[in-house]
1. Go through (1) closer than 21 Å to residue 292 by Cα; (2) surrounded by 15 or more Cβ atoms within 10 Å (Cβ to Cβ) for residue 100 and report which single condition fails.
2. Filter the stretch 288-307 down to the residues that are among the hydroxyl-bearing types (Ser, Thr, Tyr) and surrounded by fewer than 22 Cβ atoms within 10 Å (Cβ to Cβ), then identify the one that is modelled with the lowest pLDDT.
3. Please go through the stretch 253-286 and give me each residue that is among the small types (Gly, Ala, Ser) and either in a helix (DSSP H, G or I) or exposed (fewer than 14 other Cβ atoms within 10 Å of the Cβ) (or both), ordered by number.
4. Going by the conditions given, is residue 234 modelled with pLDDT of 95 or more, open to solvent by less than 20 Å² (accessible area, probe 1.4 Å) and within 30 Å of residue 374 (Cα to Cα)?
5. Only one of (1) touching a residue at least 60 places away in the same chain (Cβ under 8 Å); (2) under 26 Å from residue 47 (Cβ atoms) fails for residue 274. Which number is that?
6. Kindly provide the set of residues from the stretch 363-405 that are charged (D, E, K, R), under 27 Å from the mean Cα position of the chain (by Cα) and over 29 Å from residue 302 (Cα atoms), ordered by number.
7. If we keep just the residues of the stretch 311-345 that are farther than 21 Å from residue 301 by Cβ and hydroxyl-bearing (Ser, Thr, Tyr), which is most open to solvent (accessible area, probe 1.4 Å)?
8. It is to be established whether one or more residues within the stretch 177-200 are open to solvent by 40 Å² or more (accessible area, probe 1.4 Å), of a type outside the set (A, V, I, L, M) and over 30 Å from residue 64 (Cβ atoms).
Amino acid sequence: MTSRSFFLAMSMGLPVLLSCGAPASGEPVGASVMVSQSQALADGTPASTGVLAFLNDRSTTLAVLDTEVPLEVRAAQGLIAWRAGPDGVENTADDRRFVSIAQVDAVPYVGPAALADLEWYARGTGRVAELPLDALVGNFDGHAFTLAEARRTLRAANTETAATLQNGYGIAPLAVQDILAARPIAHMVELSRLAHVDSTVLQRFKLNTALAPEGDPCTGAGTCQPGLVCEGVPHDGSSPYGRCINPAPIPGDGATCSVFAPCQPGLVCRGIPSGAPEGWCRPAWMAGEFIQYADVSLPSSATPVESTVAVVGLATVPDDITVELDLVHASPHRLVLTLVDPGGDSALLWDGPNEGTPPSRISVTRGISRDSTVNGRWLLRVTNPSGVGSGTLRSWKLKLNSRYD
């Protein structure tokens, strides 16, 4: 199995672990329609935006597609030919730009494997923005790297001395020579393709940069740097990650705050997002935003449609809960929106038949207990009781403040 084939299997079979989260399974649950990670390249997602930017870049030549990605040569030729337009000559008036993944997929010899290769290359070369730290960048010589792991590896590859790399990390001298000669190394694809950088070298980088700094993903006790603790690993299996946090007291923690009296640096004001005129300052790590680029079809049916996102790295219970929606629908006033927390508490976000068209931002003030679980899988359910009208849930964001129970 090639690294890119493995990445396709990973990207379609595993949950995305934070703000780009997807449910752990694409199978229907009850009468619901669940979102699968096969939509990772849905238009408007960070991955699809990165792939399209790569294909539209004039520096992306036939040679790059054929030998760097690499794609099957006929797929590479087809992509360049489509971009060149009807006259077949680049940089002329009839040149075209890819604006959707469907256009890319429609090019002859471009299919799921080619799209997976393009996504792997776009992620691995840093063309995909807005990735959460625990999102998968790719698999390189048999080792999967999250964004945080890739950043730590590249920092070490670009800054550690030859003696540290060879004697401290245990990297072979020829590989060290390659790394020093290639500096600055821009991305994981470049590092993994150095002549003497193999699976063993990448494994040594992972092992020697394994202790995470503050804010990086962690998996439990002993996985953060000294002085930090791993907080907010979900207990429901929705993600293996929490976040490394500094438990030291912060001046101003617990002080009152408002729109006119903000908190000190390192703190956030809880209570204000729920509409209170005054709140309390709490450590900034207790707040988070988690986005799901769902791109879920909302058919003309009364069958509920569901999308999930994994919340990690917060305290123990929710405080402020806000949902932001990017939803288009022919009859939005017919929709009923429900939010379910990891503990099973549910909140009626919006009752379209009685409340009209839902706003793009909804503050959750009913239904979900503030003593319930905050870390884990949150679920947004969209129901159209009348079955009239169709549309798309393009994305949704969950903004949370938390506290210790």
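1. Just one mismatch for residue 100, condition (2).
2. Residues of the stretch 288-307 among the hydroxyl-bearing types (Ser, Thr, Tyr): 293, 297, 300-301, 303, 307.
If we keep only those that are surrounded by fewer than 22 Cβ atoms within 10 Å (Cβ to Cβ) too, we end up with 297, 300-301, 303.
Values: 297: 93, 300: 97, 301: 96, 303: 97.
Filtering the stretch 288-307 for residues that are among the hydroxyl-bearing types (Ser, Thr, Tyr) and surrounded by fewer than 22 Cβ atoms within 10 Å (Cβ to Cβ), the one modelled with the lowest pLDDT comes out as 297.
3. Within the stretch 253-286, the first condition is being among the small types (Gly, Ala, Ser), and the residues that meet it are 254-255, 258, 261, 266, 271, 274-276, 279, 284.
Listed by number, the residues that qualify are 254, 261, 274, 275, 276, 284.
4. On the way: modelled with pLDDT of 95 or more: yes; open to solvent by less than 20 Å² (accessible area, probe 1.4 Å): yes; within 30 Å of residue 374 (Cα to Cα): yes.
Criteria met by residue 234.
5. Against the list (1) touching a residue at least 60 places away in the same chain (Cβ under 8 Å); (2) under 26 Å from residue 47 (Cβ atoms), residue 274 comes up short only on (2).
6. Our first condition is that a residue be charged (D, E, K, R); within the stretch 363-405, this holds for 366, 370-371, 377, 381, 394, 397, 399, 403, 405.
Retained after the next criterion (residues that are under 27 Å from the mean Cα position of the chain (by Cα)): 370, 377, 381, 394, 397, 399, 403.
Hits for the stretch 363-405 are 370, 403.
7. 316
8. Looking for residues that are open to solvent by 40 Å² or more (accessible area, probe 1.4 Å), of a type outside the set (A, V, I, L, M) and over 30 Å from residue 64 (Cβ atoms), one finds none in the stretch 177-200, hence no.
The values are calculated or read from the model by the stated rules, or taken from the named source; none is laboratory data. Please read all numbers here as calculations on a predicted model, not as lab measurements. Here the Cβ is made from the backbone with ideal geometry for all residues, glycine too, and neighbour counts use every protein chain on show. Keep in mind that these areas ignore ligands, DNA and RNA; they rest on the heavy atoms of the full protein, side chains included. Shrake-Rupley method; radii C 1.70, N 1.55, O 1.52, S 1.80 Å.
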